[in-house]
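Since the structure comes first, as structure tokens, the remarks are kept for the end.
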Amino acid sequence: MARPPQTEDRFSDEPVFTRESVLAALPNLPTTAAKIRALARAGFLRTEIADLLKIRYQHVRQVLERSGIS
């Protein structure tokens with residue numbers, strides 16, 4: 001089934017990744033911040049990201065805030 005077109009997308013110029021593909025790519029990302037941003041863009045919650053990466057929630061929040069990703 002085709003995905004319906006999105007009317008408004010903040011990151012429309014960025015590719016859309018599935019949660020599974022991002023999880024598979026995590027070991028190849030160079031920094032924790034890059035991993036946090038990739039997981040957030042794939043739809044993971046901040047608490048999920050902190051748990052997956054075994055880091056503090058505050059670190060996740062700080063990276064996303066500084067990156068402009070809420």
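Given the residues 7, 47, which is the only one that is hydroxyl-bearing (Ser, Thr, Tyr) and modelled with pLDDT of 95 or more?
On the way: 7 fails: modelled with pLDDT of 95 or more.
Answer to the check: 47.
Of the conditions (1) open to solvent by less than 70 Å² (accessible area, probe 1.4 Å); (2) at pLDDT 90 or above; (3) part of a loop (DSSP other than H, G, I, E, B), residue 40 fails just one. Which one is it?
So residue 40 meets the others, but not (3).
So in segment 10-37, with the set limited to residues that are at pLDDT 95 or above and of a type in the set (Val, Ile, Thr), which one is nearest to residue 69 (Cα to Cα)?
Among those residues, the one meeting the criterion is 36.
Quick check on my filter: what residues within segment 50-68 are hydroxyl-bearing (Ser, Thr, Tyr) and at pLDDT 95 or above? Let's see the steps before the verdict.
Residues of segment 50-68 hydroxyl-bearing (Ser, Thr, Tyr): 57, 67.
Residue satisfying the conditions is 57 alone.
The values are calculated or read from the model by the stated rules, or taken from the named source; none is laboratory data. Worth saying up front: this structure is predicted, and the values here are computed from it rather than measured. Areas reflect the complete protein model, heavy atoms only, side chains present, ligands, DNA and RNA absent. Shrake-Rupley method; radii C 1.70, N 1.55, O 1.52, S 1.80 Å.
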